[in-house]
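Note sheet for the following structure.
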Amino acid sequence: MITFQKEQVETFSIWEQEANELILQHYEELVTQKEVMQLKLNLKAYSQLYDKDILEIHTVRDDGKMIGYSTWIINKPMQFSDTLVANSNALFLRSDYRKGILGMKFIKWSVEEIKKRKPSRIFLHVKPFMDFSPILERIGASLFETTYLITE
């Protein structure tokens, strides 16, 4: 049975162990220039943000086994200190679960959970080589900004 849940994480080392396979798949699939961007989770930072209610973690599970996750940073930007903003930090669903509408249902559920925090803006980031913008548009999102990478 597929379930969605907001994680009540006690220690991030436990969450990392449970999500490790997914985190590695996510890294292999999305990170270009692996010689520059080496995977090394900062569990202390995750824990600190979680304790300050800035980090929110959502998961999708199949019979209790984690098959995907969505992490969010919810804070007030320095230049708009009266405005709460939610930024999708990471979004991943195992590739064998991407057919059909499960991914869209999970994203929609995760966004609805974030809306409970009443942010003024909710941002989700899409890589051009892993473009799921049609799903985002289907749930009511629109293109807001384009980001460029300078590598030299």
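Please treat every number below as a calculation from the coordinates, not as lab data. Since the model is a prediction, treat every value here as computed from it, not as a measurement. For neighbour counting, all protein chains shown are included, and Cβ atoms are generated from backbone atoms with ideal geometry for every residue, glycine included.
Averaged over residues, the count of other Cβ atoms within 10 Å places the peptides 87-93, 98-104 in the sequence 87-93, 98-104, highest first. Between rounded, prolate and oblate, where does the chain land on the alpha carbon gyration tensor, with a ≥ b ≥ c its root eigenvalues, rounded for a/c under 1.5, else prolate if a/b exceeds b/c? The shape class here is rounded.
For GLN38 and GLU152 in one chain, what is 0.36 nm times their gap in residues minus the Cα-Cα distance, to one decimal in nm? Please report the intermediate quantities before stating the final value.
Values: separation 114, 0.36 × 114 = 41.04 nm, distance 1.74 nm.
Full-extension gain reported as 39.3 nm.
Candidate cross-link partners of LYS108 among the lysines, defined by an alpha-carbon separation under 26 Å and a same-chain spacing of 8 or more, comprise LYS6, LYS52, LYS65, LYS76, LYS99, LYS116, LYS118, LYS127.
In terms of the Cα gyration tensor, with a ≥ b ≥ c the square roots of its eigenvalues, is the range 13-81 rounded because a/c is under 1.5, prolate because a/b exceeds b/c, or oblate? Because a/c hits 1.5 or more and a/b fails to exceed b/c, the range 13-81 counts as oblate.
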